[in-house]
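This report refers to the structure that appears directly beneath it.
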Amino acid sequence: NSGATLADSSGLGNAAFLTCAAAACVSTPTLAAGPSGLGGAVAFSGLNHGLVRVPDAAAYAFTDSVSIEAWVNPDTTSQPDGAGLVVRGSGTVENFALDIFGGRYRFQPTPGAAVVSTNAVTAGTWTHLIGVYDAVAGSATLYVNGRPAAAVLSVPARLAADHDISIGNRQSGLATPYDRGFLGRIDSVRVLRRALNAAEALAEFEGGFVSTVTPASPNQRVLIGLPPNAFGASAALLV
């Protein structure tokens with residue numbers, strides 16, 4: 001993308017905007033390089049007020065199963081507790097939150113129910129995250145690079161929250177500014193109204209890399225590289 005608008009690839013038209021939620025602000029996020037093969041990302045300063053804002057829409061007004069996905073690359077391991085990666089809601093009234101807490105990645109499908117990664121955040125490295133809430137099982141799982149890092153059963157029902165989705169920042173309270181900023185880059189954010197299973201989570205991670213195909217003889221010396229989403233459709237639709 002270019003300029004201050006980030007396109008929505010879901011077809012629902014929920015575009016996002018590079019935003020600074022204060023007058024004379026200098027912390028507006030900027031476009032930057034993303035993971036190899038995935039194109040551009042957005043860089044965040046870690047300062048107050050700067051974020052990518054996805055305006056509240058009816059498409060997000062649900063409290064059943066959800067999967068929150070993103071590629072993240074922290075500039076430093078010194079992130080504030082609660083540094084927002086992908087959040088809907090404010091303060092303690094949040095519909096979901098993917099963030100950093102205590103130097104580890106955390107997924108909260110509802111306040112008071114947290115799934116925390118076992119490994120600490122690594123700076124300067126792209127990491128793939130998926131937070132999954134399964135409303136049928138009443139469980140939450142956090143996947144890091146396609147593998148389950150932690151799982152919690154008996155998760156309370158998700159709260160309803162009429163609020164924008166904020167990427168790269170969050171509000172610490174109902175009436176506070178965006179004061180829990182992430183310092184680093186984020187790419188390929190997805191919000192799905194269903195619970196991905198373990199095989200699908202691994203496929204999402206592996207699908208972020210260039211695939212190679214070797215043709216049969218006599219062209220076996222030719223190597224074809226296919227970037228992620230090369231065909232613009234799921235494998236189930238390719239014939």
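Just so you know, all these numbers are worked out from the coordinates, no wet-lab data involved. None of these values were measured; they are calculated from a predicted model. Virtual Cβ from ideal backbone geometry, glycine too; neighbours counted across all protein chains shown.
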Do the sum for the chain: with -39,500 (n - 2.57) for every DSSP H run of n ≥ 4, divided by all residues, what is the mean residue ellipticity at 222 nm, to the nearest 500 deg cm²/dmol?
-1000 deg cm²/dmol
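Sorted by average packing, counted as other Cβ atoms within 10 angstrom per residue and highest first, what order do 86-94, 128-136 take?
Details: 86-94: 20.6, 128-136: 22.2.
The packing order, highest mean first, is 128-136, 86-94.
If we count every other residue with Cβ under 14 angstrom of residue 14's Cβ, Lys/Arg +1 and Asp/Glu -1, where does the sum land?
Residues close to residue 14 contribute a combined charge of +1.
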Positive dipole terminus of the chain, leading residue within 79, 61, 109 (C-beta point charges):
79
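Treating only the Cβ atoms of Lys and Arg (+1) and Asp and Glu (-1) as charged, compute the dipole magnitude of the chain about its Cα centre; round to the nearest 20 debye. Let's see the in-between values first.
On the way: 13 positive and 16 negative charges, 55 e Å.
Dipole of the chain, to the nearest 20 debye: 260 debye.
Only loop residues by DSSP count here, and only those with at most 12 other Cβ atoms within 10 Å; note down the trypsin sites (Lys or Arg not before Pro) in the stretch 110-212 that meet that.
Details: sites: 158, 170, 180, 185, 190, 193, 194; in loops: 158, 170, 180, 193, 194.
Qualifying residues, ordered by number: 193.
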Considering the dipole of the stretch 165-205 built from charges on the beta carbon (Lys and Arg +1, Asp and Glu -1) around the Cα centre, which of 205, 192, 171 is farthest to its positive end?
171
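What order, most packed first, do the peptides 48-56, 29-37 have when packing is the mean number of other Cβ atoms within 10 Å of each residue? Mind dumping the intermediate values first?
Values: 48-56: 20.7, 29-37: 16.6.
Highest-to-lowest ranking by the protection proxy: 48-56, 29-37.
Find out how many positive minus negative residues lie around residue 194, taking Lys and Arg as positive, Asp and Glu as negative, among other residues whose Cβ is under 15 Å from that of residue 194. Could you put the intermediate results ahead of the total?
Numbers: positive: 158, 190, 193; negative: 64, 69, 134, 200, 204.
With Lys, Arg at +1 and Asp, Glu at -1, the net is -2.
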Length-normalised contact order of the chain in % [C-alpha pairs under 8 Å, at least 6 apart]
24
Please compute the net charge surrounding residue 169, taking Lys and Arg as +1 and Asp and Glu as -1 over other residues with Cβ under 15 Å from its Cβ.
-1
